[in-house]
1. Could you pull the Rg and Dmax for the range B:1-87, using just the Cα atoms, both in Å?
2. Over the range A:225-367, what relative contact order in percent results from Cα pairs under 8 Å that are six or more residues apart?
3. Within 10 Å of each Cβ in A:269-277, how many Cβ atoms from other chains are there, averaged over the peptide?
4. Dividing the Cα radius of gyration by the Kirkwood radius, what Rg/Rh value follows for the range A:291-357?
5. Between residue B:156 and residue B:129, what length in nm is gained on full extension when 0.36 nm per residue of separation is reduced by their alpha carbon distance?
6. Every other copy gets compared here: list the nm distances from the residue A:170 label point (7 Å along Cα to Cβ) to its counterparts, shortest first, one decimal.
7. Helix-derived [θ] at 222 nm for chain B: sum -39500 (n - 2.57) over DSSP H runs of at least 4, divide by residue count, nearest 500?
8. Going toward the positive end of the dipole of chain A, with +1 on Lys and Arg Cβ and -1 on Asp and Glu Cβ, which of A:294, A:152, A:171 do you reach last?
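The values are calculated or read from the model by the stated rules, or taken from the named source; none is laboratory data. For clarity, every value in this text was computed on a predicted model and none was experimentally measured. A quick note on method: Cβ atoms are made from the backbone with ideal geometry, for glycine too, and the neighbour counts reach across all protein chains shown. Accessible surface areas use protein heavy atoms only, side chains included; no ligands, DNA or RNA. Shrake-Rupley method; radii C 1.70, N 1.55, O 1.52, S 1.80 Å.
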2 protein chains.
Amino acid sequence: MSAAHSIDADELQETIDVARERKRARSTRIGKWEYLRFDAKVRFIPEGTALFGDDLIWGYPKIGRILQLEAGIAAQFEKPFWIEEKIDGYNVRIFRHGEDVLAITRRGYICPFTTDRVPDFIDIRIFGKHPELVLCAEVAGPDNPYNEGRPPFIPEDIRFYVFDIMRKGEPDFLPQREKRRLLEDYALPSVSRFGRYELPQLGEIKELMLKLDREGREGIVLKEDSPRDYRVKYVTGRINISDIRVSKGSVRQLPPEYFMHRILRLALFLEEHGLEVTPAIQRELGEALIDGIVGTVEQFREENKVLHGFRCRFRKRANAELMVRDMKSRLGKRQMRQRRLEKEADYYVLEFEKILPKTTGLLQNMLSGDVVFD
Amino acid sequence: MSAAHSIDADELQETIDVARERKRARSTRIGKWEYLRFDAKVRFIPEGTALFGDDLIWGYPKIGRILQLEAGIAAQFEKPFWIEEKIDGYNVRIFRHGEDVLAITRRGYICPFTTDRVPDFIDIRIFGKHPELVLCAEVAGPDNPYNEGRPPFIPEDIRFYVFDIMRKGEPDFLPQREKRRLLEDYALPSVSRFGRYELPQLGEIKELMLKLDREGREGIVLKEDSPRDYRVKYVTGRINISDIRVSKGSVRQLPPEYFMHRILRLALFLEEHGLEVTPAIQRELGEALIDGIVGTVEQFREENKVLHGFRCRFRKRANAELMVRDMKSRLGKRQMRQRRLEKEADYYVLEFEKILPKTTGLLQNMLSGDVVFD
């Protein structure tokens, strides 16, 4: 990671100016907040970076994936590394700006839903004492507005899992020990940390992966315990089948490699870990691929479109309304339909549908009797 | 089909000149034959067209695919249509040039193998009486140099199935009745012709498709019984699983849509024909996808490359040698390796391997422990 770039104020300002000019940094307004958002990488500033007044929230870097555990560790790490759990959700950065605590997505959009729910999960007193901190967290669970998938161990609503802490204006992460202390001091929910390993402990790491695989968990992130803080990710075999399953209807929406890459990763996982390709795995994979597609065709026959339903709960009605307005303006009014917004116990429950325009178009063509050339 | 273009000699010559200039028509030498081959479509001349001296062999046109039987027939046909079987092999055109009877592939290359075997299957006296004819045939079977897949009803070697007849210099096909008479007069092997249908007989056509599906056959070609001779193709559900299975190792070699399109076609077939997605189908599909990939990884670990083995038999040793020379010059010397060429009974049996460079490269990267960003 070249993130350990020492940033000079003039260089930063110049890069921001260039990014504005090239329209890679855009003025973004969501609710009452207006800020500058990096839609793409410009020089050393990554996509998803957001500038709220003087508060610069660095974009969360992309983490490379290894497809072989042993060869990957041998090739990628020079020092021992921490292993943390990788949670299957969406990535947010949480920070205080003025009086507000905000949550922004990977691409740098304020998420009214996540922002609304922060106080349910995070002790925001941490920002009273440390207003410069940015918490990097995965949000996962069935009742979220983005992902169809969810970890099997979250039966309802959502949960937050902090996995990194940054400081405003700085691209680097706090060292593990410092992060750990803050997590403990404020009892922040965090991803599991499995320990500090090196290559000779490969047997233990493999056992850990097999356990995560059996439990339907996504995988691990390996973080070198050294100043360069180098990271890679590695996932279980089974998560690939789950990914394929939740992508039903997304046949056209997702790039075609999506499915093949996951099947390939599954095969490599089975092969490296000496697991048999059992009839159960074959059936599960086939089912994940075909059932969703048949279901999508049936849905199209009934509704004349392909859509996914979402549901999530808010503390404040205004945030739910802002979420709807914001998604409509981003996806297009016809791609999103609110179904319900009602108070249930202490929350406002929002239900809505996203229409998948490409899949809808594909099925329209196919079912109309048109010919295709391939 | 705009093939019914009436061709003027000057216009033809001008188009050939343009194609040469743009390097879309290339001088091609295979063995003792030298001719002009269209590598791509130029105006009204399709890809695969070949000019041997004065003998112009028109390229075989692309046939569109319908993904829905009922909607497809309703949308595409104005008149009754013939239904013929679609055979899962490779497409050749067979014709006489001087003293030789030659077979060229879809892309217009002389195939030394197919050319060698023509007299085993085709009564070439037809070209004595009708030197202007071009027989369009599918060649299928386990012992062929191109396809890994093969119809289940051909246990060994290959077979020829004539499905269309053209005349040199003309893009149109002979009408069904004329074709039929020639097939009968010379007892030429041909694809099954199931009859003449129209939309009200949809029930019968569906029954036919279900029967072909159960028998593991590929599908049908529908040819309108009218001057425009319009055609579409429609395949069974099961052939998609076979296609996926024989593509093992081709994960990277084939475009990523290859697999998803076939799963989609399978789903649409099951849905339209009211077939359940049974656990057996799920398992078969999963197995087709994963087993090949695991096998490919194992092959790579053993041989450090991914390859497919082929075997085919020749009447003449010189043709086998020409086949090897020609493939090496086309694929590159390192992509093709001859394993064996020996006389067995009346034939020379050639065994060779094709190396899949992209899949080999992909596995090299993945197994080396490199990171990927996705």
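1. Both quantities, over Cα of the range B:1-87: 16.9, 50 Å.
2. Working: 151 pairs, mean separation 37.0, N = 143.
It rounds to 26 percent for the range A:225-367.
3. 3
4. Details: Rg = 13.6 Å, Rh = 12.9 Å.
Rg/Rh for the range A:291-357 comes to 1.06.
5. Details: separation 27, 0.36 × 27 = 9.72 nm, distance 3.20 nm.
Full extension from residue B:156 to residue B:129 adds 6.5 nm.
6. Those label-point separations list as 8.3 nm.
7. Result for chain B: -11500 deg cm²/dmol, rounded to the nearest 500.
8. The residue sitting farthest along the positive end of the dipole is A:294.
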